[in-house]
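In what follows, a single structure is set out as structure tokens and then discussed.
The values are calculated or read from the model by the stated rules, or taken from the named source; none is laboratory data. No experiment lies behind these values; they were computed from the predicted model shown. Cβ sites come from the backbone with ideal geometry, for glycine too, and all protein chains shown count toward neighbours. The protein model used for the area step is the full one, side chains on, heavy atoms only, and it has no ligands, DNA or RNA in it. Shrake-Rupley method; radii C 1.70, N 1.55, O 1.52, S 1.80 Å.
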Amino acid sequence: MRSFILALSLFAIVAPASAQTPKRGNEDLQTYCAGDAITFCAGIDPNSPQMDACFKKNMSQMSPNCRRAIDAYKSGGGK
């Protein structure tokens, strides 16, 4: 679950992109979860355990499209 949540975190980049290079995820997660990541987890390093915890804490509040992207990512082998 940790790496799956971390994958979602790549959209919450609030520092310059060069300082926080995303390491996980896919295009659908970026497209459908970027707003949720910024709304619920702004200012958190997307590659950190704190981002994992933020997504886990707020998962029930994420948008339906983001949750669908998460489900598809998990069913496709993403963790």
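A compact table of results
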| quantity | calculated |
| --- | --- |
| Residue that is modelled with the lowest pLDDT [pool: residues in the stretch 39-49 that are outside any helix (DSSP H, G or I) and open to solvent by 50 Å² or more (accessible area, probe 1.4 Å)] | 45 |
| Restricting the stretch 4-21 to residues that are modelled with pLDDT of 55 or more and of a type outside the set (Val, Ile, Thr), the residue that is farthest from the chain's Cα centre (by Cα) | 4 |
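Every residue, every condition in (1) surrounded by 14 or more Cβ atoms within 10 Å (Cβ to Cβ); (2) in a helix (DSSP H, G or I); (3) in contact (Cβ under 8 Å) with a residue 24 or more places away in the chain, yes or no:
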site: 34; (1), (2), (3): yes, yes, no
site: 37; (1), (2), (3): yes, yes, yes
site: 51; (1), (2), (3): yes, yes, yes
site: 58; (1), (2), (3): yes, yes, no
site: 71; (1), (2), (3): no, yes, no
site: 77; (1), (2), (3): no, no, no
